[in-house]
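To start, the structure itself, in structure tokens.
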Amino acid sequence: MKTKAKVVISLLVVLTFVLIGSCHKPTNPDMVSTPFFNPPGGTFESTQTVSIECETLGITIYYTLDGSEPNSASPIYTKPITIYKTTTIKAKAFRSGMQDSKTAKATYTIKLPPVPENFVLVEGGTVAGITVGDFYIDKYELTQAEYETVMGANPSWFDGNPNHPVEQVSWFDAIEYCNRRSIKEGLAPCYSYLDYGNNPDHWPAGWNTSNQNHVNVSCDWNAIGYRLPTEAEWEYAARGGLQTHGYTYSGSNNVDEVAWYYVNSDDTTHEVGGKLPNELGIYDMSGNVWEWCWDISSGSYRVLRGGSWFGNANSCTVSFRYSIVATYSLNDLGFRVCRVSP
């Protein structure tokens, strides 16, 4: 009986080995093995880093993320792929002198935390010569309360009301806030500093003290964490996107309806959302505080848009452009954040 039991167990082991091997190895020895994914496709609650492997040596793997069939014009797999949103990966392996592999396919369903209620989906398109894709943007300028919750301190000159926009923040402060909030909420951060990664705790001392250092910050445009809008995204949203009425200011031709500026501000910031919104339901894109944007890739200057409580009406127009060095943190400089559309 013991001998029979050993035989049965041995057969089961062999059968299991054969079944596992058959998942990847072709029956034709002249054919490249079908690639496979690690981890396999499935449903996840966070971004996934996926590697593509193949049991045949000396092969080149081509892959796609758009549902098309991989071929020699597709991207070549060289390193693990980070999947931020629900995606289907297809992969195919090639080797000279052998028959191409079969196409491997896996779908990764990413269930991410919902976008905050105060975010507006901006449908992409072209407005006033500006073309952007879909993205989410906060209805409001970032408040002092929101900033302090993430950063542990409130740098604002006009403190005392947590619903006023945060100010006295540099461009570097805004970048750090975006990554720290992303990490806090379990989202993939957008920004990295040189090769130090995307966790600000790992960035070198002094990374935010030199105006020139902004060129060391890179953005992963596919990451689903928080980031600053590009200048194009900012103006597109300020104009009302596809719902634009072509207003001079964000939401009106009457600056007093939508903006806090030097004529009506009483020399201070005001609670966010205190004026009328624009066509997309976004507030204070004219006036209250200047808003940092991402663009300008060289030099020491960074873009600011929207005007402020201290500025004149002309600076509050949707077309007015301004820039300043990345380390400045004046009491009329703030920001709002956006996120990629999943």
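Work out from phi, with θ = phi - 60° and the Karplus expression 6.51 cos²θ - 1.76 cosθ + 1.60, the ³J(HN,Hα) of each residue of segment 231-245, listed in order in whole Hz, and give x for Gly and Pro.
4, 5, 4, 4, 5, 4, 5, 4, 7, x, x, 5, 9, 4, 9
Once you have the Cα-Cα distance between N222 and K85, take 0.36 nm times their residue separation minus that, and quote the gain in nm to one decimal. Present the calculation step by step, with values, prior to reporting the outcome.
Details: separation 137, 0.36 × 137 = 49.32 nm, distance 0.89 nm.
Result: 48.4 nm gained on full extension.
Quick one: putting +1 on the C-beta of Lys and Arg, -1 on the C-beta of Asp and Glu, what dipole do you get for the chain around its Cα centre, in Debye to the nearest 20? Intermediate values should be presented prior to the final figure.
On the way: 24 positive and 35 negative charges, 469 e Å.
Here the size comes out at about 2260 debye.
For the pair F36/Q212, report the inter-label distance in nm, with labels modelled 7 Å from Cα in the Cβ direction.
5.2 nm
Working from Cα positions, state the angle (0 to 90°, nearest 10) between the long axis of helix 2-21 and the longest principal axis of the chain.
For helix 2-21, the angle is close to 50 degrees.
Going down the table (K79/K184; K111/K275; K85/K275), which pairs top 32 Å between alpha carbons? Display every interim value, and only then the final one.
Numbers: K79/K184 27 Å; K111/K275 36 Å; K85/K275 35 Å.
In this structure, K111/K275; K85/K275 exceed 32 Å between Cα atoms.
Quickly rank 250-258, 113-121, 232-240 as a protection proxy: mean count of other C-beta atoms within 10 Å, highest first. Mind dumping the intermediate values first?
Working: 250-258: 19.6, 113-121: 13.3, 232-240: 24.2.
Packing order, densest peptide first, comes out as 232-240, 250-258, 113-121.
Quick one: length gained pulling A153 to D201 fully straight, 0.36 nm per residue minus the C-alpha distance?
Values: separation 48, 0.36 × 48 = 17.28 nm, distance 1.63 nm.
So the extension gain works out to 15.7 nm.
Specify which residue in the list I61, T327, G251 is farthest towards the positive end of the charge dipole of the chain, using unit charges on the beta carbon of Lys, Arg (+1) and Asp, Glu (-1), about the Cα centre.
Toward the positive end, the furthest listed residue is I61.
Identify which of A93, A188, A326 has the largest mean-square fluctuation in a Gaussian network model of the chain, with springs joining Cα atoms closer than 10 Å.
The residue that fluctuates most here is A93.
For the residue pair T43 and N312, what label-to-label distance in nm results when each label sits 7 Å from Cα along the Cα-to-beta-carbon direction?
5.9 nm
With each pseudo-label sitting 7 Å past Cα toward Cβ, what's the N253-K111 distance in nm, one decimal?
5.1 nm
Order these peptides, 293-299, 74-80, 168-174, 270-276, by their mean beta-carbon neighbour count within 10 angstrom, highest first. All intermediate terms of the calculation are to be shown ahead of the outcome.
Values: 293-299: 15.6, 74-80: 13.3, 168-174: 23.9, 270-276: 18.6.
Going from most to least packed, we get 168-174, 270-276, 293-299, 74-80.
Assign unit charges at the C-beta atoms only (+1 for Lys and Arg, -1 for Asp and Glu), then state the dipole size of segment 23-110 relative to its Cα centre in Debye, rounded to the nearest 20. Let's see the in-between values first.
On the way: 8 positive and 7 negative charges, 6 e Å.
Here the size comes out at about 40 debye.
At q = 0.07, 0.08, 0.10, 0.13 Å⁻¹, what is the base-10 log of I(q)/I(0) for the chain according to the Debye formula with one equal point scatterer per Cα and no solvent? Please give it to two decimals.
Relative scattering, expressed as log10 I(q)/I(0), comes to -0.41, -0.50, -0.69, -0.98.
Read the figures in this text as sums done on the coordinates, not as results from a lab. Quick caveat, the model's predicted, so the values are computed rather than measured. So basically every Cβ, Gly included, is an ideal-geometry build from the backbone, and we count neighbours across all protein chains shown.
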